[in-house]
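**Student:** One structure is given below, represented as structure tokens, and several questions about it will come after.
The values are calculated or read from the model by the stated rules, or taken from the named source; none is laboratory data. Note that this is a predicted model, so its numbers are computed, not measured. Cβ sites come from the backbone with ideal geometry, for glycine too, and all protein chains shown count toward neighbours.
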Amino acid sequence: MIDLKPGERLDDLERNGYKIIQNKEKFCFGMDAVLLSGFAGVKEGERAIDLGTGTGIIPILLEAKTQGKEFFALEIQEESADMARRSVKINGLEDKIHVITGDIKEASTIFGKSVFDVVTSNPPYMNDLHGLKNPELPKAIARHEVLCTLEDVVREAAALLKPGGRFYLVHRPHRLAEIIQQLKQYKLEPKRMKFVHPYIDREANMVLIEAVYGGNPMVKLEPPVIVFEQEGVYTKEIREWYGY
């Protein structure tokens, strides 16, 4: 029996028959999470962790798309973590995906240092809290740097990774200079970068980055992703990323 609480719905992920519990009044995953799960690579036998997992979309998709051995998910909001755990259970993935309630700022204390091959994160994009009416709301915490900063995410990702481990991040292009500065400060060397454009003639509104802990300086700028052919119509590439 599927345990859904008031306001929750069960969405089909179009991958391996997997489903996910969401609540549109709290927070639903977006395209950025789907794109990050397609950009990230988890090899056979590797262990991965998602920082700020929300309702667990990234580890569930990574389990479906990769040969990773074990996936961990850290989320500070217990309500979201509970939804993630129930989604994991619905999909019968309790042996492969482990959801932990905890603070990103304490991730390396919770899990230990140099223990993961891969770290992923779709962190809060906005660092300007001016005018934020209620910073305790789930959507505000997910979108604004209320409970953690970019530096917190980068620092803990570096601490969690084994030498040569990979950090995959999706963020906003207007903060790219700051992102690269933070990555390099914590010995995470950018290796791959891909910009995401809503339309072919619009500027990028997302950037996907792979950084290697202790890697050599050399970054590859990959072809951009275009989301829509026209209004409401995904490009072929986006349909493939979604698994349509």
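**Student:** Within the set of pairs 6+ apart or on separate chains, which have a first residue in the range 154-180 that is within 15 Å of Ile49 (Cα to Cα) and touching a residue at least 40 places away in the same chain (Cβ under 8 Å), a second that is among the polar types (S, T, N, Q) and assigned to a helix (DSSP H, G or I), and C-beta atoms under 7 Å apart?
**Tutor:** Glu156/Ser108; Ala159/Ser108; Leu160/Ser108
**Student:** Listed residues Gly243, Gly214, Gly165; which is at pLDDT below 95 and surrounded by 13 or more Cβ atoms within 10 Å (Cβ to Cβ)? Spell out how you get there, then give the answer.
**Tutor:** Working: Gly214 fails: at pLDDT below 95; Gly165 fails: at pLDDT below 95.
Only one candidate qualifies: Gly243.
**Student:** Right, something else. Report yes if some residue within the range 181-191 is within 19 Å of Val34 (Cβ to Cβ) and either surrounded by fewer than 14 Cβ atoms within 10 Å (Cβ to Cβ) or at pLDDT below 95 (or both); otherwise report no. Walk me through it before giving the result.
**Tutor:** Within the range 181-191, the subset within 19 Å of Val34 (Cβ to Cβ) is none.
Among the residues of the range 181-191, not one is within 19 Å of Val34 (Cβ to Cβ) and either surrounded by fewer than 14 Cβ atoms within 10 Å (Cβ to Cβ) or at pLDDT below 95 (or both), which makes the answer no.
**Student:** Separate question: Please determine whether any residue of the range 51-71 is small (Gly, Ala, Ser) and closer than 19 Å to Asp152 by Cβ.
**Tutor:** Yes, because at least one residue in the range 51-71 is small (Gly, Ala, Ser) and closer than 19 Å to Asp152 by Cβ.
**Student:** Also, quick follow-up: Which condition does Ala177 not pass, out of (1) of a type in the set (A, V, I, L, M); (2) crowded, with 21+ Cβ neighbours inside 10 Å; (3) modelled with pLDDT of 90 or more, if it passes all the others?
**Tutor:** Among (1) of a type in the set (A, V, I, L, M); (2) crowded, with 21+ Cβ neighbours inside 10 Å; (3) modelled with pLDDT of 90 or more, Ala177 violates only (2).
**Student:** For the range 149-199, how many residues are part of a helix (DSSP H, G or I) and more than 16 Å from Asp117 (Cβ to Cβ)?
**Tutor:** Within the range 149-199, the subset part of a helix (DSSP H, G or I) is 150-160, 173-185.
With more than 16 Å from Asp117 (Cβ to Cβ) added as a condition, the list becomes 150-155, 173-185.
Total satisfying the criteria: 19.
**Student:** Something else now. Mind listing whichever residues of the range 59-77 are buried (at least 20 other Cβ atoms within 10 Å of the Cβ), closer than 17 Å to Ile20 by Cβ and aliphatic (A, V, I, L, M)?
**Tutor:** Ile60, Leu61, Leu62, Ala73
**Student:** Tell me the residue from Ala204, Ala211 that is of a type in the set (Gly, Ala, Ser) and outside any strand (DSSP E or B), please. Can you show your working first?
**Tutor:** Values: Ala211 fails: outside any strand (DSSP E or B).
Criteria check complete, one pass: Ala204.
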